[in-house]
Amino acid sequence: MANKIQKPRGTMDIFPSEAPLWQKIEKTARDVSARFGFGEIRTPTFEELALFKRGVGEVTDVVQKEMYTFTDREDRVFALRPEGTASVVRAIIENGKTSDAMPLKYYYLISCFRYEKPQAGRSREFFQFGTEMFGTKDPSADATVISLADTLIKELGIKNVKLHINSIGCPDCRPKYRQALVEHFNSHIDELCDTCKERLKTNPLRVLDCKSPICSSIAKDAPATIDYLCEDCHNHLESLRAHLDAMGIEYTIDTKIVRGLDYYTKTVFEFICDGIGAQSTVCGGGRYDGLMEQLGGPSVPGIGFAMGITRLILAMKECGADKIEDNRPLLYVAPLGTPAVTKALEIVSKLRSAGIYAECDICARSLKAQMKYADKLGARYTLIIGDSELESGKAQLKNMEKSEQAEIEIDNIYNVLKEA
Ligand code: HAM
């Protein structure tokens, strides 16, 4: 026998038993987005590597360790997208969308790729629902985007989730904070891991993200951004808090939220779920007022978030919100003999065209096996057709739930089922 080929590590196969949950999340995400006036954007699965280096940041784990990069036949270097924001910003600049009426409001449902160590809630190919809004610096935009995420999480029936928010300041106040951070970490320089020693020179904020136990214990006592905000950033955060309070969205200020990508300014936030393991951030986002300019576009502020679909599923399972009604056929037609099979196909095809889920035997099975299969599918009604039924044009329609049956005109089946 030939060797079996397996899927790449950290990817997944999703079968019809699991797909309805994915579809429910995708549908609810689209519905909620539409209610907030967000339209769908689709961008390529791969982009020039330079986009992510400049957009996400050279000194981030995503760019340094987790990218899937490749060279094409003409030696151009590309990367599978590790996230959606940089691509959306690139698409806006490239297509001149900044001259459209502001704010621009987009959402996406995409696969992303990061070379990470797979575990529950973390895979190498993963799926995000994300939104991005451009053209407003106002804290009411932050509140709106957070409210969209909050609405979706609630509509999916996820209850064990808390919103954490923080402000990481702007280019005006960040240098002062950066200085304080460098001083703090410099006083522990010998204990830091080698990567963090390097990060301290290039991007000290990233040290706060380090997963090594020693670095993260040093990070615990590090100064908090919130204590170094300029007046504008401070007021921005205060207004956002007032808006969230007014909208009844509960949150905690969490000075440890810095996010793993470099483009953020001012507001950052995460929705964190208890009970789904170490990968507990179901949604992460924030403001990125400098990204458009950094990628060669005009100065247009932005804010957005992305949610991991597999983490949403884990959260839904955790609180029992993952039950989806099975797709059961309204009718199962059991034919006996070739002429009856032809009639059965005619019936189900008419019903399917009329929007009804109907099945018939296409495996030439015995009547007993057909009825067993109809039962397994959960068919609500069955109709057995043999030669005599074909001749009389009448057959017994059986209500499987009530175990009752009645004679009907075969050609009147649509009207009978409509009333059922
Ligand atoms: P992120 O925090 O890197 O942000 O990812 C957002 C979410 O994607 C995470 O909170 C998590 O739910 C999910 N996620 C990330 N990595 C994985 C993985 N390896 N496996 C499964 N799920 C994962 C961003 O991607 C930003 N682009 C979000 C954003 C949009 N900020 C502003 N606009």
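The values are calculated or read from the model by the stated rules, or taken from the named source; none is laboratory data. Keep in mind that what you see is a predicted model, and the values were worked out from it rather than measured. Because the Cβ atoms are built from the backbone with ideal geometry, glycine has one as well, and the counts that use them run over all protein chains shown. Heads up: the accessible areas ignore ligands, DNA and RNA and are worked out on the full protein's heavy atoms, side chains in. Shrake-Rupley method; radii C 1.70, N 1.55, O 1.52, S 1.80 Å.
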Legend entry - Summed side-chain charge close to GLY37 - residues other than GLY37 whose Cβ falls under 14 Å, Lys, Arg +1, Asp, Glu -1: -1
Inset, instruction - Under a 10 Å cutoff between Cα atoms, tell me which one of THR144, THR69, THR225 has the largest fluctuation in the Gaussian network model of the chain. - result: THR69
Inset, instruction - Normalising by the residue count of the range 261-378, find the relative contact order in percent from Cα pairs under 8 Å and 6+ residues apart. - result: 17
Inset, instruction - Rounded to the nearest Å, what's the spacing between the alpha carbon centres of the range 89-110 and the range 317-388? Just the number, please. - result: 46
Legend entry - Degrees separating the helix 367-377 axis from the principal Cα axis of the chain, which is the longest one: 30
Inset, instruction - Would you mind getting the accessible area per residue of the range 331-419, heavy atoms of the protein chains only, 1.4 Å probe, in Å²? - result: 59
Legend entry - Neighbour cut-off at most 16 other Cβ (10 Å), DSSP loop, GluC sites (Glu not before Pro), the range 358-420: GLU401
Legend entry - Cα gyration tensor shape of the range 331-419, rounded if a/c is under 1.5, else prolate or oblate by comparing a/b with b/c: rounded
Legend entry - Dipole of the range 350-420 [Lys/Arg +1, Asp/Glu -1 at C-beta], most positive-end residue of ILE385, MET371, LEU397: MET371
Inset, instruction - Give the cross-link partners of LYS97 among the lysines, using a straight C-alpha distance below 17 Å as the criterion and excluding same-chain residues fewer than 8 apart. - result: LYS105
Legend entry - Selection from LEU331, THR151, PHE36, by position along the positive dipole direction of the chain (Cβ): LEU331
Inset, instruction - Quote the charge dipole size of the chain about the Cα centre in Debye, to the nearest 20; the model charges only the Cβ of Lys and Arg (+1) and of Asp and Glu (-1). - result: 700
Legend entry - Neighbourhood net charge (14 Å Cβ-Cβ; Lys/Arg +1, Asp/Glu -1) for PHE185: -1
Inset, instruction - Take the chain, compute every pairwise Cα distance, and split them into 20 Å bins from 0; I just need the percent in each bin. - result: 22, 43, 22, 11, 1
Legend entry - Low-density loop cleavage sites - trypsin sites (Lys or Arg not before Pro) in the range 25-79, where at most 14 other Cβ are within 10 Å (DSSP): ARG42, ARG73, ARG76
Inset, instruction - Would you mind calculating the gained length between LYS197 and ALA369 on full extension (0.36 nm times residue separation, minus the Cα-Cα distance), in nm to one decimal? - result: 55.0 nm
Legend entry - Too-long pairs where the Cα-Cα distance tops 26 Å, listed order kept, from LYS162/LYS317; LYS53/LYS201; LYS343/LYS398; LYS24/LYS350; LYS65/LYS220: LYS24/LYS350
Legend entry - Whether the range 286-334 is rounded, prolate or oblate, judged on the alpha carbon gyration tensor where a/c under 1.5 counts as rounded: prolate
Inset, instruction - Could you tally the net charge around HIS234, taking each other residue with its Cβ under 12 Å from the Cβ of HIS234, Lys/Arg +1 and Asp/Glu -1? - result: -3
Inset, instruction - Quote the relative contact order of the range 331-419 in percent (integer), defining contacts as alpha-carbon pairs under 8 Å separated by 6+ residues. - result: 30
